[in-house]
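Colleague: Got a structure here, written out as structure tokens. Questions coming.
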Amino acid sequence: MVSARFAEFINIWRRSFGIERSIDERVCEDAEGNPLPWYTYPAAEYLTQFDYRSKRIFEYGCGRSGLFWAERAALVVEVENNREWFAKWEREFNRPNLEIRLRPEGEEYENAIFENGDCYDVIVVDGIRRAECAAAAVKALSADGLIILDDSDRVHTSRDYARAIAEFKAAGLLQVDFYGFCPMNCHTKCTSLFFSRRFSFATTAERQPVCGRGSLWAMSRRRRKEFYKKFG
């Protein structure tokens, strides 16, 4: 037996986040079936507050995050080292603003970010050779951009992650860590954002923060009173 309040807690995870289906079916999607990056839910909800319509995104490592960003940004470029995964993503991710590059492991992989001589507003380090990719990312980051490092709590067991974070710190980026559950997993982890000190992305809403999934303040006044009466 569980209490009504705890049952509602589980229901919010099921209903608002779709986490049960995500875990059982191994899909990186929200409750409505929209693609999600494999970041922690707090990190993903924070990131969705910003307007990326004029932004350029680069990702080390391909996945559902490519579709997530392609729905929001002007351009998304991803680099993949695995030929089979590359073929899968190229077939499934048919978006005009999404480019996927196949590059082997080694310098060609991390240097893919420099191929067009572009700077990027958001850079995601979530594939192989994270320390080397981190060093490249700080050079290709726009003056007011941010870098995302997923699974950053692996810094305690991985020299690669420790070196990556050291690169970001040496570049003067500001680190903000988002701990919590994420799609597909039954355990918590951390997604870290590293901000330029000139970070200045516009938000999509008039006020920040917006109400997240399961928030009381996203409810109508009447619904909120009913909730308090039942579970308060």
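The values are calculated or read from the model by the stated rules, or taken from the named source; none is laboratory data. Keep in mind that this is a model prediction, so the values were computed, not measured. Methodologically, a virtual Cβ is constructed for each residue, glycine included, from the backbone with ideal geometry; neighbour enumeration extends over all protein chains shown. For accessibility, only protein heavy atoms count, side chains too; no ligands or nucleic acids. Shrake-Rupley method; radii C 1.70, N 1.55, O 1.52, S 1.80 Å.
Colleague: Please list, ordered by first then second residue, the pairs with beta carbon atoms under 6 Å, 6 or more apart or interchain, first in the range 137-150 and over 15 Å from R198 (Cα atoms), second of a type in the set (A, V, I, L, M, F, W, C) and part of a strand (DSSP E or B).
Modeller: Close Cβ pairs satisfying both conditions: A137/I123; A137/V125; A137/I147; I148/V124; I148/L193; L149/V125.
Colleague: List the residue pairs whose Cβ atoms are under 6 Å apart, where the first residue sits in the range 81-93 and is touching a residue at least 40 places away in the same chain (Cβ under 8 Å), the second is open to solvent by 100 Å² or more (accessible area, probe 1.4 Å), and the two are 6 or more positions apart or on different chains.
Modeller: Every condition considered, the pairs that remain are N81/E105.
Colleague: Search the range 145-158 for residues being assigned to a helix (DSSP H, G or I) and not aliphatic (A, V, I, L, M), and hand back the single one that is nearest to the chain's Cα centre (by Cα).
Modeller: S152
Colleague: Identify, by number, the condition in (1) part of a loop (DSSP other than H, G, I, E, B); (2) modelled with pLDDT of 95 or more that R207 doesn't meet.
Modeller: (2)
Colleague: While we're looking at this one, here's another question. Quick check: anything in the range 35-49 touching a helix residue (DSSP H, G or I) at 6+ places or on another chain (Cβ under 8 Å), crowded, with 16+ Cβ neighbours inside 10 Å and farther than 30 Å from Y109 by Cβ?
Modeller: The answer is no, given that none of the residues of the range 35-49 is touching a helix residue (DSSP H, G or I) at 6+ places or on another chain (Cβ under 8 Å), crowded, with 16+ Cβ neighbours inside 10 Å and farther than 30 Å from Y109 by Cβ.
Colleague: Considering only the range 165-198, how many residues are in contact (Cβ under 8 Å) with a residue 40 or more places away in the chain, open to solvent by less than 50 Å² (accessible area, probe 1.4 Å) and closer than 17 Å to A143 by Cβ?
Modeller: Adding up the residues that qualify gives 4.
Colleague: Now a separate question. Of the numbered conditions (1) in contact (Cβ under 8 Å) with a residue 40 or more places away in the chain; (2) touching a Lys or Arg at 6+ places or on another chain (Cβ under 8 Å); (3) over 19 Å from P35 (Cα atoms), Y60 fails exactly one; give the number of that condition.
Modeller: (3)
Colleague: Given the criterion in a helix (DSSP H, G or I), within 18 Å of the chain's Cα centre (by Cα) and not hydrophobic (A, V, I, L, M, F, W, C), identify the matching residue among Y179, Y161, Y228.
Modeller: Exactly one of Y179, Y161, Y228 is in a helix (DSSP H, G or I), within 18 Å of the chain's Cα centre (by Cα) and not hydrophobic (A, V, I, L, M, F, W, C), namely Y161.
Colleague: Among the residues of the range 1-29, which ones are in contact (Cβ under 8 Å) with a residue 60 or more places away in the chain and within 21 Å of L67 (Cα to Cα)?
Modeller: Answer for the range 1-29, where residues must be in contact (Cβ under 8 Å) with a residue 60 or more places away in the chain and within 21 Å of L67 (Cα to Cα): S16, F17, I19, S22, I23, R26, V27, C28, E29.
Colleague: Considering only residues of the range 128-160 that are over 19 Å from D177 (Cα atoms) and among the small types (G, A, S), which is most open to solvent (accessible area, probe 1.4 Å)?
Modeller: Here the answer is A143.
Colleague: Going by the structure shown, is K139 modelled with pLDDT under 95 and in a helix (DSSP H, G or I)?
Modeller: No: the conditions fail for K139.
Colleague: From the list W89, W69, W85, which residue is aromatic (F, W, Y), surrounded by fewer than 19 Cβ atoms within 10 Å (Cβ to Cβ) and within 22 Å of M184 (Cα to Cα)?
Modeller: Within the list W89, W69, W85, the selection yields W85.
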